[in-house]
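> Supplied in structure tokens, the structure appears directly below.
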Amino acid sequence: MTAKSGSGTGNAGRAVTWDEVSARRLERQFLTRPAAPGTPVAEVVGAMLGAHAQVLSAAEVSVGVRAAGVTRADVRAALWEDRSLVKTFGPRGTVHLLPAAELPRWCGALTAIPTGPGPFPPGIRVTEEQAEQIVAAIGDALDGVCLTVEELGEEVVARTGAWAGDLVMPAFQGLWPRWRQVMHRAGQSGALCFGPNRGRKVTYTRPPSAAPAAPGGTALRELAGRYLRAYGPATPQHFAKWLAAPPGWANSLFTELAGAGEIEEVAFEGAAAWVAAGDTEFPGGPVRGVRLLPYFDAYAIAAQPRRTLFPGEAYERALAGGQAGNFPVLLVDGVVAGVWHQRRQGRRTTVTVETVGRGLTARQERELGEQVERVGDVLEAKAELVIGKVTVGAHA
């Protein structure tokens, strides 16, 4: 059995529709109804399989709209006080909030994903041996301390050699030292995470969990199953895109899982896709409701197929060259129906929402007003809704 996606259903089992799948995904993401008051923030982040935190305020909104009564202060307390969350490099090598208790499993899975040659020319790129030296040096340097990137760089060079500090990496309007090209690998291996800011400067430290990474094979199988429960049915190609992993490797993994009876095939809108074994119950009835999802929200990035989630004009307006996350999105009845932007001034924030493809009914406008108010609550600000053109471009 080979786990490939295609136009036919092959030996697929139960047939499921987009509405059924959307209803289940939204429910499991706490987007049908928020998690009950008192639900640990880390539990909500775990259900999302991580909250993208390149923009921390966006991560706070991602979590807050999924959990009743949660504000940005609660997310920050989980991150910096009780340390139930860790800010580190997660899927795709991008910055995420992850549950601290899950970090050994994440590290085991992420470090087991094969990587190809780096994006840099040979004269800039580090060898695998050098990469391992840098990661070990980072972990050693950050043991028990918080360092800025400049301070960390000095420690890495002292432990490895001058070659690690060569200014060779093109970055913004200057050059970064060579060692920084594998910084994300240090995060994914558990050697590094973000610490509290020192004024305006970002710091790094060791994660709070002292547990070693879980065995890679076991952790990967578990991650694939969790992905399918959260965002399935899905194909190996969808899983590979979510992880920024080689598609051929993902196909081999799904073939292995299918052979072991850990996943099973369904017909999703006429095409073959996969779910975790036995996880074939889906809610009935169409999806209803309005939601606001911020930059890089996990649902907008992971839910596939993207052409269905972003129908018609939404595909051009709410994506950046087909890439999800670069615009905050308006979700109406389970599909993207617009973009939005919030501009804060003091204790007030103006939320501008632009619809595409269709207007909103009176009921949907009321729900939108409630969602805007909720975004304001999460950000601890008084929110005002403006329906009109969003003039802010895509986030880089």
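> Identify all residues within region 233-276 that are of a type in the set (Ser, Thr, Tyr) and not in a helix (DSSP H, G or I); write none if there are none.
Scanning region 233-276 gives a single hit, Thr235.
> Does Gly144 fit the bill of being at positive phi and surrounded by fewer than 16 Cβ atoms within 10 Å (Cβ to Cβ)? Write out each step before concluding.
Working: at positive phi: yes; surrounded by fewer than 16 Cβ atoms within 10 Å (Cβ to Cβ): yes.
It is true that Gly144 is at positive phi and surrounded by fewer than 16 Cβ atoms within 10 Å (Cβ to Cβ).
> Going through region 159-184 one residue at a time, which ones are out of contact with any helix residue (DSSP H, G or I) (no Cβ under 6 Å at 6 or more places or on another chain), part of a helix (DSSP H, G or I) and more than 20 Å from Lys201 (Cβ to Cβ)?
Passing the criteria: Ala162, Trp163, Gln181.
> To continue, here is another question. Identify, from the list Ala131, Ala136, the residue that is closer than 28 Å to Ser84 by Cβ and either surrounded by fewer than 21 Cβ atoms within 10 Å (Cβ to Cβ) or touching a Cys at 6+ places or on another chain (Cβ under 8 Å) (or both).
Result: Ala136 is the single residue among Ala131, Ala136 that is closer than 28 Å to Ser84 by Cβ and either surrounded by fewer than 21 Cβ atoms within 10 Å (Cβ to Cβ) or touching a Cys at 6+ places or on another chain (Cβ under 8 Å) (or both).
> Of (1) of a type in the set (Val, Ile, Thr); (2) farther than 20 Å from Ala245 by Cα; (3) modelled with pLDDT of 95 or more, Val95 satisfies all except one. Which?
Exception for Val95: condition (2).
> List pairs: first residue in region 116-128 and under 16 Å from Thr160 (Cβ atoms), second residue aromatic (Phe, Trp, Tyr) and surrounded by 10 or more Cβ atoms within 10 Å (Cβ to Cβ) anywhere in the structure, Cβ distance under 8 angstrom, at least six positions apart or on different chains.
From region 116-128, the pairs are Val126/Trp179.
> Next question. Restricting attention to region 371-389, does a residue exist that is small (Gly, Ala, Ser) and touching a helix residue (DSSP H, G or I) at 6+ places or on another chain (Cβ under 8 Å)?
Checked against the condition, which is being small (Gly, Ala, Ser) and touching a helix residue (DSSP H, G or I) at 6+ places or on another chain (Cβ under 8 Å), region 371-389 yields at least one hit.
> Closer than 21 Å to Val75 by Cβ and under 25 Å from the mean Cα position of the chain (by Cα), is that true of Glu380? Before you say what the answer is, go through the steps one by one.
Working: closer than 21 Å to Val75 by Cβ: yes; under 25 Å from the mean Cα position of the chain (by Cα): yes.
In short, yes.
> Restricting to region 196-231, and then to whatever is part of a loop (DSSP other than H, G, I, E, B) and without any contact (Cβ under 8 Å) to a residue 60 or more places away in the chain, can you tell me which residue is farthest from the chain's Cα centre (by Cα)? Lay out the reasoning, then the answer.
Step one: of region 196-231, the residues part of a loop (DSSP other than H, G, I, E, B) are 199-200, 206-215.
Now drop any that are not without any contact (Cβ under 8 Å) to a residue 60 or more places away in the chain, which leaves 199-200, 210.
Working: Gly199: 27, Arg200: 25, Ala210: 24 Å.
Within region 196-231, the match that is farthest from the chain's Cα centre (by Cα) is Gly199.
> I'm trying to understand the selection: among the residues of region 239-283, which are surrounded by fewer than 15 Cβ atoms within 10 Å (Cβ to Cβ), more than 19 Å from Ile113 (Cα to Cα) and either hydroxyl-bearing (Ser, Thr, Tyr) or under 23 Å from the mean Cα position of the chain (by Cα) (or both)?
Once the filter is applied, which keeps residues that are surrounded by fewer than 15 Cβ atoms within 10 Å (Cβ to Cβ), more than 19 Å from Ile113 (Cα to Cα) and either hydroxyl-bearing (Ser, Thr, Tyr) or under 23 Å from the mean Cα position of the chain (by Cα) (or both), region 239-283 yields only Thr280.
> Quick check on Ala383: is it aliphatic (A, V, I, L, M) and over 30 Å from Pro233 (Cβ atoms)? It would help to see each step written out before you state the result.
Values: aliphatic (A, V, I, L, M): yes; over 30 Å from Pro233 (Cβ atoms): yes.
Criteria met by Ala383.
> Here's another thing I want to ask about it. Looking at region 335-351 only, could you name the residues that are within 28 Å of Asp19 (Cα to Cα) and of a type in the set (Val, Ile, Thr)?
Matches in region 335-351: Val335, Val336, Val339.
> If you go through region 312-347 one residue at a time, how many are more than 23 Å from Leu379 (Cα to Cα), more than 14 Å from the chain's Cα centre (by Cα), loosely packed, with under 15 Cβ neighbours inside 10 Å and of a type outside the set (Asp, Glu)?
Residues that pass the stated criteria total 4.
> Which of the residues that make up region 377-396 are in contact (Cβ under 8 Å) with a residue 60 or more places away in the chain and over 15 Å from Thr349 (Cα atoms)?
Correct list: Ala394, His395, Ala396.
> Same structure again: When both residues are 6+ apart or on different chains and their Cβ atoms are under 9 Å apart, which pairs have a first residue that lies in region 354-371 and is among the hydrophobic types (A, V, I, L, M, F, W, C), and a second that is in a helix (DSSP H, G or I)?
Val356/Glu313; Val356/Ala314; Val356/Glu316; Val356/Arg317; Leu360/Glu367; Leu360/Leu368
> With respect to Trp179, is the statement that it is at pLDDT 95 or above and either farther than 20 Å from Ala53 by Cα or surrounded by 24 or more Cβ atoms within 10 Å (Cβ to Cβ) (or both) true?
Numbers: at pLDDT 95 or above: yes; either farther than 20 Å from Ala53 by Cα or surrounded by 24 or more Cβ atoms within 10 Å (Cβ to Cβ) (or both): yes.
Here the answer is yes, as Trp179 does meet what is asked.
The values are calculated or read from the model by the stated rules, or taken from the named source; none is laboratory data. Worth saying up front: this structure is predicted, and the values here are computed from it rather than measured. Cβ: placed from backbone, ideal geometry, glycine included. Neighbour counts: every protein chain shown.
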